[in-house]
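Please treat every number below as a calculation from the coordinates, not as lab data. Remember, predicted model here, so these are calculated numbers, not experimental data. Because the Cβ atoms are built from the backbone with ideal geometry, glycine has one as well, and the counts that use them run over all protein chains shown.
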Amino acid sequence: MSNPPFGTPRPRLRPRAGGTLTWLEDAGCRGLDTELFFPAGPRGPGRRQADEAKAVCRACAVRRQCGSWALATAQEYGIWGGMDEEERVMAHRRGRLSTRDSGTAREKGTDAQ
Ligand code: SF4
């Protein structure tokens, strides 16, 4: 994925109707410079920056919620839930595949219920 152009607006953290972001109160990145989570690129200093951000995410108590939120809201840029842009695309594809797989199992009557 290409880098966002300089000055790309940061995602808004306002919940959609009915949604809440209470998990942000326990975010491991709370109080840190948000720039860390928006690396300049996938190589060189940007790569080191992404690795540093992912290390924060690995220790974060709300990593799962953060990653799910980023996938559900299709965040295009930055590190969310320990995933960079490319990893979120792959996770999204895996999710679609597993949904398709479970549908197939249901159709076959092989899923346990
Ligand atoms: S997973 Fe990473 S980006 Fe998400 S809240 Fe935790 S520290 Fe912040």
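Sort 68-75, 23-30 for me by packing, meaning the mean count of neighbouring Cβ atoms within 10 Å per residue, highest on top.
Values: 68-75: 16.0, 23-30: 14.2.
Listed from highest to lowest mean packing, they are 68-75, 23-30.
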Inset, instruction - May I have the extent of the alpha carbons of segment 22-108 along their three principal axes, as whole Å values ordered from largest to smallest? - result: 49, 31, 19
Legend entry - Using θ = phi - 60° and Karplus 6.51 cos²θ - 1.76 cosθ + 1.60, couplings along segment 51-65 (whole Hz; Gly, Pro as x): 4, 5, 5, 5, 5, 5, 4, 4, 9, 7, 6, 10, 4, 4, 4
Legend entry - Full-extension gain in nm, Leu97 to Arg48, via 0.36 nm per residue minus C-alpha separation: 14.5 nm
